[in-house]
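Working notes, structure below.
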Amino acid sequence: MNVYIHVASGGFEHEVWELTRVFFPGWPVKVLDDVPAEGDNSGGKADGHKGLLIVVEYTCSDFEVVAKSYLKDGSGKVLFGSQRSQKLDESTRRSYLKQKREIKKVLCQCVYDVLSEFTGKHPHWGILTGVRPLKVVHHLMDDGLSDEEVLGVLKSEYYVRDDKASLLVETAKNQRDVIKSASADTVSLYIHIPFCTTRCLYCSFPSVVMDGCGGMVDAYIDSLVAELERVVSVLLQKGVVIQSLYMGGGTPTALAYPQLERLLSAVDLLLDGRHIDEYTVECGRPDTLDLDKLSLLKAFGVNRISINPQTMNQETLVRIGRRHTVEQVISRFHMARYIGFDCINMDVIVGLPGEGVPHMEKTMEAIAALQPDNLTVHTLAVKRASRLKESLDKYPLTSDDTAEKMLEVCQRWVKEMGLVPYYLYRQKYMVGNLENVGYTKPGKACIYNIQMMGEKQTIWAFGAGAVSKVYFAENDCIQRVPNVKDVKEYMERLDEMVQRKMRFIDDCKGGIENDL
Ligand code: SF4
C-alpha cells in the first residue's frame, strides 16, 4: 500500500516525508502537490491505487504556530486527527530561522501523533529525523537552557527516548568547545581520494576500484594538487587559518608510495610550516599500510589516522568484500603505535550481514584490547547505490531488535574503554533507525568530524565528488559548493571546480538557509 502526504499550507514536505518513512519503513511514501478531492486518495493519474493519506496544514501568526494533521484511509474517512499549537516568545518572533524551526517542530508533532496512534510505534528518535540531531541541542543550549531543561525539551517536545536524549546532551557537551572554537578566520580542509582496492558490499560512495585504473590515479593526483595549489594559496594569502585537514575517501593509503608522497609533499609545500591543530589521513584498509607508508605520514606531520576493521570476524570481512584479515588490523595498529601515532581511530559497523550479538561481542573485545583513541560505531545503512541493496535476498538484514542489542554491546564496551561520545549523525535507511556515534578518549576528539557535522565552520573540499560547505555566520547558514563526482569529468572540468570556489572566496555575501 502507498502512503500519500499533502501539506495544504505548502513547505516542510521533506520533513513530513522523512518522518512518515520512519513509521512505514519500506513502504512507498509520496508527496502530493495538489489538494486531493474529497475521498480521493489515489495520488493522481500517474498512480491509480488508493492508500493512506496524511493531510497537514499550519498557520503562523506573530504570536503562535497552529498545526493540524489528519490521517485518512482509502475511502477518505478520517482515522486520526491532531492539533497542536505553540506560543512564540519574543526572541522567536524576531528570528525568521527560529520561527521556521518552531513551525517544523509543531507540524512534525502533529504528524507523529496520528502516525503513532495508527501504528502503535514510538520511534526512539521521535520527530528528529535529520542527519544532525545535535543541532537542536546546540540551539537549546545557545538559548541558555540547562542540561536538565534540554533533556526535558528533547523528551517532551521532540519525543526522543530517554537514552537517546541523554546521549545527545552528553555528546553536545563533549563537542561544544570545539564548535565554539570556529571563527570567521578558521576553516578546515578535506582532500578526497576516490580509490579503493576493492568495493565493500555496503558501499554507496562513488569510489573507483584501483585494479586496472592505469594512469588515471597519477593524472588524478595532478589535478588534485593543482586544485589545492590554486585555491589554498589564495585562502592563505587572505589570512585564513586552517584548523584541521582531513584526507579521506575511498582509501588514501591505497595510493602507491610515490603517489602518496607526491600528494603529502604538495600539501606540505603549500602549508609552508604553518601549524594545523589536526591532520588526519584515513588509512581505512589495513592491507594498504606498511611501515614505509606509516613513516611517510608521520614525517609529513599527520597526527591522526584511522584504521578501520568494521568487524573483527574474518568470515564477515570476506562476506563484505574486504580483502584484509583480522590479523592485519592488529599488526598495522601496533605498527602505527610503534611509529608514534598517538591518535588512532577505528570504525566498526553494527548490523553487518550475517552478524549478531556474539559477533559484536567478539569485535568489541578485540578492539578494546587495542585501546584506540577514537572509535566510531556506525550502524549499517542500506544505500541505493550499494551492491547490498541489490542482493538483500542473499544477505537478509539484521532485525531492528538485534541491531539495538548489538549497539548496547558497543555502548557497554566503550564505557569500559573509558571513551565518551563526541559526535553523532544519522543517515537514511539505517538498520533499526539507529545512529552513528564517534567516541573518544578525553581530549582526543576529532576536530574535523565535529566541525564538519556542526556546520559552524567553512570546509573547503578538494577532489572528485568533494563538497565544500561555506558558512555564513550572519545568517547562521551554509552553502554547499560541490565538485563533480566522476573522476574523469573532475579532471576535465578542473578550471570550473576552482572557479566555483573562487566565487565564494572572493565574494562571500550570500547563502542558503540551514536545516535543523
Ligand atoms: S573502504 Fe569505504 S569507500 Fe572504499 S569501498 Fe569500502 S565503503 Fe566504499
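Numbers for the structure displayed
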| read-out | value |
| --- | --- |
| Calculated from backbone phi, Karplus (6.51, -1.76, 1.60) coupling profile of the stretch 133-146 in Hz, x at Gly/Pro | x, 5, 4, 4, 5, 5, 4, 5, 5, 4, 7, x, 6, 6 |
| Neighbour-count ranking [beta-carbon atoms within 10 angstrom, fewest first] of Tyr423, Tyr490, Tyr190 | Tyr190, Tyr490, Tyr423 |
| Volume in Å³ per residue [convex hull over Cα atoms, computed for the stretch 181-460] | 123 Å³ |
| Within the stretch 130-173, backbone nitrogen closer than 12 Å to the virtual label 7 Å beyond the Cα of Val420 toward Cβ | 170-173 |
| Karplus-derived HN-Hα couplings along the stretch 448-461 (A = 6.51, B = -1.76, C = 1.60, θ = phi - 60°), whole Hz, x at Gly and Pro | 4, 4, 5, 5, 5, 7, x, 6, 10, 9, 6, 10, 9, 10 |
| Local electrostatic count at Ala219 - Lys and Arg +1, Asp and Glu -1, tallied over other residues with Cβ under 11 Å | -2 |
| Charge dipole magnitude, Cβ of K and R +1, D and E -1 - the stretch 181-460, Cα centre, debye nearest 20 | 300 debye |
| Per-selection Rg to Rh, the chain - Cα, Kirkwood hydrodynamic radius | 0.97 |
| Angstrom value of the Kirkwood radius, inverse mean 1/r, which spans all Cα pairs in the stretch 1-121 | 14.7 Å |
| C-alpha long axis of helix 400-416 to longest principal axis of the chain, angle in ° | 50 degrees |
| Most positive-pole-ward Cα, Ser146, Phe462, Ile242, against dipole of the chain from beta carbon charges | Phe462 |
| The stretch 1-23 residues near the modelled Asp73 label - backbone nitrogen below 19 Å, point 7 Å along Cα→Cβ | 1-5 |
| Residues Glu361, Glu455 arranged by fewest to most Cβ contacts within 10 Å | Glu361, Glu455 |
| Under the Karplus curve 6.51 cos²θ - 1.76 cosθ + 1.60, θ = phi - 60°, whole-Hz ³J(HN,Hα) for the stretch 292-302, x wherever Gly or Pro sits | 5, 5, 5, 5, 4, 4, 4, 5, 8, x, 5 |
| The stretch 153-260: mean projected area of Cα convex hull, nm² | 10.7 nm² |
| Electrostatic dipole magnitude of the chain [Cβ: Lys, Arg +1; Asp, Glu -1; Cα centre; debye, to 20] | 400 debye |
| Cα-Cα separations in the stretch 380-426 greater than 15 Å, expressed as whole percent | 61 percent |
| Packing-based exposure ordering (other Cβ within 10 Å, fewest first) of Glu15, Glu64 | Glu64, Glu15 |
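Any read-out appearing in this document is the output of simple, stated calculations on the displayed coordinates, not a laboratory observation. The structure displayed is predicted, hence computed values, not measured ones. When we count neighbours, we look across all protein chains shown, and the Cβ atoms used for this are built from the backbone with ideal geometry, even at glycine.
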